[in-house]
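Each remark here refers to the structure printed beneath this line.
Just so you know, all these numbers are worked out from the coordinates, no wet-lab data involved. Predicted model, so just to flag it, every value in this text is computed and none were measured. Here Cβ is always computed from backbone atoms with ideal geometry, including for glycine, and neighbour counts include all displayed protein chains.
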Amino acid sequence: MEIQNKGTTAGYEWDVNPFDELYELWGKISEGANLGVPHIVGKVTLKSGKIGGLEMDVILHGDEEELSFRDGDDIYFMFPAKPEDGIEGIYLKLHKLLGDAQ
């Protein structure tokens, strides 16, 4: 049985599961916290009012920085991802940034 994510973020329905992507990045987030401030950088692509594409990776930065902006159907973002926030807390930051970029 396949389970589909029907959740919404910033008024958009997800066609991809952001938690799958965040769990894949968890090792980089945890290890990066020993060297600097891990940040998630990425892009979502809107397709017919849904988030149909999601690309994310982890970079290290010396300070906590946050930004998001929209360029056509793409929303670009960067935000700090602290291990103590957990996957759910990191998702909530992503949710907020996507809403701010509208």
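Things to note:
- Nearest-20 debye value, the chain charge dipole, Cβ charges on Lys, Arg, Asp, Glu: 240 debye
- Mean ellipticity per residue at 222 nm, deg cm²/dmol - from DSSP H runs of n ≥ 4 across the chain, formula -39500 (n - 2.57): -9500 deg cm²/dmol
- Cβ-defined net charge surrounding Asp57, 15 Å radius [Lys, Arg +1; Asp, Glu -1]: -3
- Its Cα gyration tensor gives the chain an equivalent ellipsoid. The semi-axes, each the square root of 5 times an eigenvalue, are 23, 16, 10 Å from largest down.
- Contour minus Cα-Cα distance for His61 and Trp26 (0.36 nm per residue): 10.9 nm
- Neighbours of Gly99 by Cβ distance under 12 Å: Lys/Arg scored +1, Asp/Glu scored -1, total +2.
- As a length-normalised measure over Cα pairs under 8 Å and 6 or more apart, the relative contact order of the range 10-100 settles at 32 percent.
- Sequence-distant contacts, meaning Cα pairs under 8 Å at least 6 residues apart, place the relative contact order of the range 56-102 at 37 percent.
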